[in-house]
Amino acid sequence: MNRRNQILSGIALLQVVLIALVFWPGRGASAAAEPLFSGVTLDDIQAITIHQGDTSVHVARGGDGWVLPEADDFPVTSLTATDTISKVLEINTRRLVASDASSHARLQVTEDDAVRTVALETKGGDTLTLIVGSSPSFRATNVRRSGSDDVYITNNLQASDLKTDYGSWVDTSYLAIPQTDVTGLTVTNGQGTLTFTKVSTDTWTLTDIAAGETFNQNNLSSLLTRISGINMVKPLGKEDKADYGMTTPGATVTIDWQNTGGEAQTTTLTVGAEPLENGNYVLKSSDSAYYVEVAKFVVDNILNRGRADYLQAPEESEGTPIDGSGTVTATNFITSFSDIGDMSAITAPATLTGTSTLTATENVTP
């Protein structure tokens, strides 16, 4: 083997060694796949707090699951909590995209301009903070661990997976009574007190309905539909606060119903006197220890409908004077007209000026 071939063989051997060092099983792969929060498991996490601008949600372990401490430990859907925390802990350092603080603003992973900030509290008292930035592509998100300049791209989560509204963490169903199980209803609001009684499966009546009045079944049906299944915006806690307006409520509803076993039940709903700053209302069910926030449309009929809303308006008779408030419908054909009296003189319009030549189409006889 001449000198030239020896050199070429040596270069080839060196290349093989370098490739082996780079791609040796378990070497580069394990380093690239190292978790961002190495050594931390789901069982180590005691609480999670997610910030988005001025809004945030705080979830912690409580009892056998997860709860909202700020809402007197209202239960959280365990699957939601474990899934969110697991996605954070699965982020790894495989795809490094920046390692200089000068790139943080561009990637939206600064402390002040983050899309989301996630704080994980461990049972040992440590706080692990993840800064979530922009998404350069679908299912790809820039993330950075607080205290490090390194920015990575992850496919494990997007900012939209990190919810800050309470409704995404809890079962929002607050009251669920099958409409067919309701047997009686009493509504008290600023208009007075109304009591409704079930006559048959699909028929109701107003208990004090007077002779000549007709009950409006449709309006009551819409009310029954509304109260038989009420969803909340978020739980508020067990404390009756002064700004809820429950001392002199805006309305109360007493629902008489039968459970599946045929036992008589009574549930009372209390609606706060005034709306909250966001326009929603506070609602409390006697079946729950928690006050909750509900959307305005949920309680609008309860607060504002009076007796007249549950009665059908009487039909207009033939002799009823027309006051201009309704539509007049003709019921008889007009068969004759009175003689037309003298009219004012008609003034001839301005002289007509011909705009085109007239062509005779037939002989004109003098």
Query raised in the report: If you take the residues of segment 70-100 that are of a type in the set (Gly, Ala, Ser) and surrounded by fewer than 14 Cβ atoms within 10 Å (Cβ to Cβ), which of them is nearest to Gly167 (Cα to Cα)?
Result: Ser78
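Out of everything in segment 101-118 that is part of a loop (DSSP other than H, G, I, E, B) and of a type in the set (A, V, I, L, M), what residue ends up being surrounded by the fewest Cβ atoms within 10 Å (Cβ to Cβ)?
Within segment 101-118, the subset part of a loop (DSSP other than H, G, I, E, B) is 104-115.
Those left that are additionally of a type in the set (A, V, I, L, M): 105, 107, 109, 114-115.
Numbers: Ala105: 12, Leu107: 21, Val109: 28, Ala114: 26, Val115: 20.
Among those residues, the one meeting the criterion is Ala105.
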Query raised in the report: Looking at Glu277, is it farther than 16 Å from Gly306 by Cα, modelled with pLDDT of 95 or more and either in the same structural domain as Thr188 (by TED's automatic domain parsing) or not in a strand (DSSP E or B) (or both)?
Result: no
Report task. Kindly list, by first and then second residue, each pair from a residue in segment 262-280 that is over 17 Å from Ile177 (Cβ atoms) to a residue that is charged (D, E, K, R) and assigned to a strand (DSSP E or B), limited to pairs with Cβ atoms under 6 Å and residues at least 6 apart or on different chains. Result -> Asn280/Glu293
Query - Test result for Gly212, of a type in the set (Gly, Ala, Ser) and buried (at least 17 other Cβ atoms within 10 Å of the Cβ) - result: no
Query raised in the report: Which is in the same structural domain as Ile153 (by TED's automatic domain parsing) and either within 22 Å of Asn155 (Cα to Cα) or of a type in the set (A, V, I, L, M, F, W, C) (or both), of Thr77, Thr55, Thr117?
Result: Thr117
**Report entry** Test: Leu157 is out of contact with any strand residue (DSSP E or B) (no Cβ under 6 Å at 6 or more places or on another chain), buried (at least 20 other Cβ atoms within 10 Å of the Cβ), in the same structural domain as Val57 (by TED's automatic domain parsing) and under 26 Å from Lys234 (Cβ atoms)
**Finding:** yes
Query - strands (runs of 3 or more DSSP E) (entirely within segment 148-228) containing at least 1 residues that are on the phi < 0 side of the Ramachandran plot and touching a Gly at 6+ places or on another chain (Cβ under 8 Å) - result: 151-154, 173-176, 182-189, 192-200
Requested in this report: Kindly check whether there is at least one residue in segment 169-192 that is surrounded by 14 or more Cβ atoms within 10 Å (Cβ to Cβ) and over 30 Å from Ser221 (Cβ atoms).
Outcome: yes
Requested in this report: Could you tell me whether any residue of segment 88-95 is in the same structural domain as Gln158 (by TED's automatic domain parsing), within 25 Å of the chain's Cα centre (by Cα) and modelled with pLDDT of 95 or more?
Outcome: yes
Report summary line: Of (1) buried (at least 20 other Cβ atoms within 10 Å of the Cβ); (2) in contact (Cβ under 8 Å) with a residue 12 or more places away in the chain, Gly65 satisfies every one except (1)
Query raised in the report: In this structure, is Thr183 touching a residue at least 12 places away in the same chain (Cβ under 8 Å) and in contact with a strand residue (DSSP E or B) (Cβ under 8 Å, 6 or more places away or on another chain)?
Result: yes
Report summary line: Conditions (1) over 30 Å from Leu89 (Cβ atoms); (2) exposed (fewer than 13 other Cβ atoms within 10 Å of the Cβ); (3) polar (S, T, N, Q) -> Gln265 fails only (2)
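Which members of segment 86-102 meet the condition of being among the aliphatic types (A, V, I, L, M) and under 16 Å from Thr141 (Cα atoms)? Walk me through it before giving the result.
First, the residues of segment 86-102 that are among the aliphatic types (A, V, I, L, M): 88-89, 91, 96-98, 101.
Of everything in segment 86-102, those that are among the aliphatic types (A, V, I, L, M) and under 16 Å from Thr141 (Cα atoms) turn out to be Val88, Leu89, Ile91, Leu96, Val97, Ala98.
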Report task. Confirm whether Pro249 is surrounded by 14 or more Cβ atoms within 10 Å (Cβ to Cβ), more than 22 Å from Ile177 (Cα to Cα) and out of contact with any Lys or Arg (no Cβ under 7 Å at 6 or more places or on another chain). Result -> yes
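The values are calculated or read from the model by the stated rules, or taken from the named source; none is laboratory data. Nothing here was measured: the structure is a model prediction, and the numbers come from that model. We place every Cβ from the backbone using ideal geometry, glycine too, and count neighbours over all the protein chains shown.
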